[in-house]
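Please treat every number below as a calculation from the coordinates, not as lab data. Because the structure is predicted, anything quoted here is derived from the model rather than measured. Methodologically, a virtual Cβ is constructed for each residue, glycine included, from the backbone with ideal geometry; neighbour enumeration extends over all protein chains shown.
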Amino acid sequence: MKVLFIGGTGKISSACAQLAVERGLELYLLNRGQTSARPAPPVARILQGDIRDKGSASQALGDLTFDAVVDWIAFTPEHIELDLDLFRGRTRQYIFISSASVYQTPPVNLPITESTPLDNPYWEYSRAKIACEERLVQAYRQEKFPMTIVRPSHTYDKTMLPFTGGYTVVDRMRKGKKVIVHGDGTSLWTLTHHRDFAKGFVGLLGNNHAVGEAFHITSDELLTWNQIFEIVARAAGAEARLVHIPSDFIAAFDPNWGAGLLGDKSHSVIFDNTKIKRVVPDFAVTIPYVRGAEEVIGWYDADPARRQVDEAFDQMADRIIAAYESAWP
């Protein structure tokens, strides 16, 4: 099976690329050839071109055709229009990487299934992804364009910490400083290791049962945000001194951080993975976050250059905590 990844060296796509070649797929990667912390599998065939430039992408693709094309880096309807122009008649399946943040926010019903309404009034990123999905559904209905939609939730690799501030939060823990948890820390969240995600995703490639359908692929493990911070602290050999602060209070200091909280992380999410398990029967999640956090901290600790502290974020965290504690002693 011949598969094209547009991108292919990101935190999610890198694991999918590796598993795809391990399973014998003939993998092509279309990207600009820039260096990446996650190198492509040596056997992957690199097509150097810019997917945002139709002429550049067309030249890189030549007359190649594919059993499946995956766009990991499409974020707007304009990106989808260009993909439609490029891949009509060139692929038997086109997979768009959307986001689980497109689901109704806050959710009225749990667990979340693929039929949960798409509606996120808080986050422009999610609204753009919804518009992309709507355009692809239209293309499928009107011209039978063979699309599949995949909605990852919070998926991580060894380089990724799950909270705003990244390693700076771990540094605060190790120094005995307080760290901010939004809300009361009891909302439920799902963290999915990218190697687990890949098992479900690769099973969709070339799968005729997936055409015209949408899937989310997540872990079944549920954790509160308090637990997430505590797991990271234990992995780092530190104590989690948690300060619980409302998301809208945080947003008043940092609108971007606030948008990600109000539009996504402040609400409990429970996903029903029945659909992906039915279409990809061998999909199974085997990496709990306690193991994943150990892998992440190990990656940071392996090289001092990775343990960069964002002084601006560190100072802002101090200001938010001081402001909140002065208002709510």
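Fewest neighbouring Cβ atoms within 10 Å first, the residues SER153, SER326, SER101 line up as SER326, SER153, SER101.
In order along segment 227-235, phi translates into HN-Hα couplings of 5, 4, 5, 5, 5, 5, 4, 5, 4 Hz, rounded to whole numbers, per the Karplus curve 6.51 cos²θ - 1.76 cosθ + 1.60 with θ = phi - 60° and x for Gly and Pro.
For segment 258-329, what class follows from the C-alpha gyration tensor (a ≥ b ≥ c being the square roots of its eigenvalues): rounded when a/c is under 1.5, otherwise prolate if a/b is larger than b/c, else oblate? Oblate. Could you tell me how far the Cα centroid of segment 1-59 sits from the Cα centroid of segment 279-302, in Å? Using only Cα atoms, the two centres lie 23 Å from each other. Compared with the dominant principal axis of the Cα atoms in the chain, helix 13-22 is inclined by about 50°.
Direction-averaged shadow area of the convex hull around the Cα atoms of segment 67-183, nm²? Show your work: numbers first, answer last.
Working: hull surface 38.8 nm².
So the mean shadow area of the Cα hull is 9.7 nm².
As a rough footprinting exposure proxy, the listed residues MET1, MET316 were ranked by other beta carbons within 10 Å of their own, and the order from fewest upward is MET1, MET316.
The residue among GLN59, SER14, ILE95 whose Cα reaches farthest toward the positive pole of the charge dipole of segment 14-108, with charges on the beta-carbon of Lys, Arg, Asp and Glu, is SER14.
Per residue, how big is the convex hull of segment 155-306 when only Cα atoms are used? Give it in Å³. Walk me through the intermediate numbers first.
On the way: hull volume 19.0 nm³, N = 152.
Value for segment 155-306: 125 Å³ per residue.
Each other residue within a Cβ distance under 14 Å of GLY89 adds +1 if Lys or Arg and -1 if Asp or Glu, for a net charge of -1.
A simple count of charges around LYS177, restricted to other residues whose Cβ falls under 11 Å of its Cβ and scoring Lys, Arg +1 and Asp, Glu -1, yields +1. For VAL70, the amide hydrogen comes within under 5 Å of the amide hydrogens of LEU4, PHE5, ILE6, ILE95, counting only partners 5 or more places away or on other chains and with H modelled in the peptide plane.
Direction-averaged projected area, Cα convex hull, the chain: 16.8 nm², rounded to one decimal. The alpha carbon gyration tensor of segment 103-168 gives principal lengths a ≥ b ≥ c with a/c of 1.5 or higher and a/b greater than b/c, which makes the shape prolate. Rounded to the nearest 20, the Cβ-based charge dipole of the chain about its Cα centre (Lys and Arg +1, Asp and Glu -1) stands at 540 debye.
In summary, the lysines within cross-link reach of LYS275, defined as a Cα separation below 16 angstrom excluding same-chain residues under 8 places away, comprise LYS199.
In a simple Cβ point-charge model (Lys, Arg +1; Asp, Glu -1; nothing else charged), segment 100-143 has a dipole of about 40 debye relative to its Cα centre. On a 0 to 90 degree scale, rounded to 10, what angle separates helix 77-87 from the longest Cα axis of the chain? With both axes taken from Cα atoms, the answer is about 30 degrees. Dividing the convex hull volume of the alpha-carbon atoms in segment 1-70 by its residue count gives 80 Å³ per residue.
Here the dipole of segment 232-329 is about 480 debye; that uses its Cα centre as origin and unit charges on the Cβ of Lys and Arg (positive) and Asp and Glu (negative).
Here's the picture: charge each Lys and Arg Cβ at +1 and each Asp and Glu Cβ at -1 in segment 206-329, and of ALA322, HIS244, ILE231 the one pushed furthest to the positive end of that dipole is ILE231. For the pair SER326 and GLN48, label points projected 7 Å from Cα toward Cβ lie 5.5 nm apart.
Where does each of TRP328, TRP257 land when they are ranked from fewest to most other beta-carbon atoms within 10 angstrom?
Working: TRP328 10, TRP257 21.
Least crowded to most crowded, the residues run TRP328, TRP257.
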